[in-house]
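Student: Below is a structure I'd like to ask you about.
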Amino acid sequence: MRRVYAGNEWVLKSGSEEAFIDVWREFASWGRSVVGGAGKTQLFRDQADPRRFLSVGDWESADALADVRAHPEYGEFDRRLREHLDTAERRTFQLVAEA
């Protein structure tokens, strides 16, 4: 199976950055513990726009990522994250090159 990467771009409501980071950390930890196949997960903050974040997490397969997204608790974490958001965009990627 090929590894996949969950990528999310988040634009936060002003003033909710620290609360969002706290929920995101809890969410990322939960995701690694609830199903197998989770790899490293990282959260990046845009230096030019402190309300814009990017998270990237690698998964051993599309099935493992689908399993965590289908878990009953996933929706609750998604709701808690969205409380802090103006916009969000979720994508799934496959690695095609490295240098």
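Student: For the list (1) without any contact (Cβ under 8 Å) to a residue 40 or more places away in the chain; (2) among the aliphatic types (A, V, I, L, M); (3) surrounded by 16 or more Cβ atoms within 10 Å (Cβ to Cβ); (4) not in a strand (DSSP E or B), I need the number of the one condition that V96 fails.
Tutor: Here V96 meets the rest and fails (3).
Student: Please indicate, with yes or no, whether at least one residue in the range 40-53 is in contact with a Lys or Arg (Cβ under 6 Å, 6 or more places away or on another chain), on the phi < 0 side of the Ramachandran plot and in contact (Cβ under 8 Å) with a residue 12 or more places away in the chain.
Tutor: Narrowing the range 40-53 to residues in contact with a Lys or Arg (Cβ under 6 Å, 6 or more places away or on another chain): 46, 53.
Now restrict to residues that are on the phi < 0 side of the Ramachandran plot: 46, 53.
Now drop any that are not in contact (Cβ under 8 Å) with a residue 12 or more places away in the chain, which leaves 53.
Checked the range 40-53: at least one residue is in contact with a Lys or Arg (Cβ under 6 Å, 6 or more places away or on another chain), on the phi < 0 side of the Ramachandran plot and in contact (Cβ under 8 Å) with a residue 12 or more places away in the chain.
Student: A further question follows. Out of all the residues in the range 40-56, which are surrounded by 13 or more Cβ atoms within 10 Å (Cβ to Cβ) and outside any loop (DSSP other than H, G, I, E, B)?
Tutor: T41, L43, R45, R52, F53, L54, S55, V56 - these are the residues of the range 40-56 that are surrounded by 13 or more Cβ atoms within 10 Å (Cβ to Cβ) and outside any loop (DSSP other than H, G, I, E, B).
Student: While we're here: Of (1) over 15 Å from the mean Cα position of the chain (by Cα); (2) part of a helix (DSSP H, G or I); (3) not aliphatic (A, V, I, L, M), P72 satisfies all except one. Which?
Tutor: Result: P72 fails condition (2) only.
Student: Okay, next question. Look at the range 40-75 and say how many of its residues are out of contact with any Gly (no Cβ under 7 Å at 6 or more places or on another chain), of a type outside the set (D, E, K, R) and more than 15 Å from E9 (Cα to Cα).
Tutor: Adding up the residues that qualify gives 8.
Student: I'd like the full set of residues that are surrounded by 13 or more Cβ atoms within 10 Å (Cβ to Cβ) and acidic (D, E), limited to the range 1-25.
Tutor: Quick first cut of the range 1-25, residues surrounded by 13 or more Cβ atoms within 10 Å (Cβ to Cβ) only: 3-13, 16-17, 19-21, 23-24.
Those that are surrounded by 13 or more Cβ atoms within 10 Å (Cβ to Cβ) and acidic (D, E): E9, E17.
Values in this text are rule-based calculations from the coordinates and carry no lab data. This is a predicted model, so every value here is computed, not measured. Cβ atoms come from the backbone with ideal geometry, glycine included; neighbour counts cover every protein chain shown.
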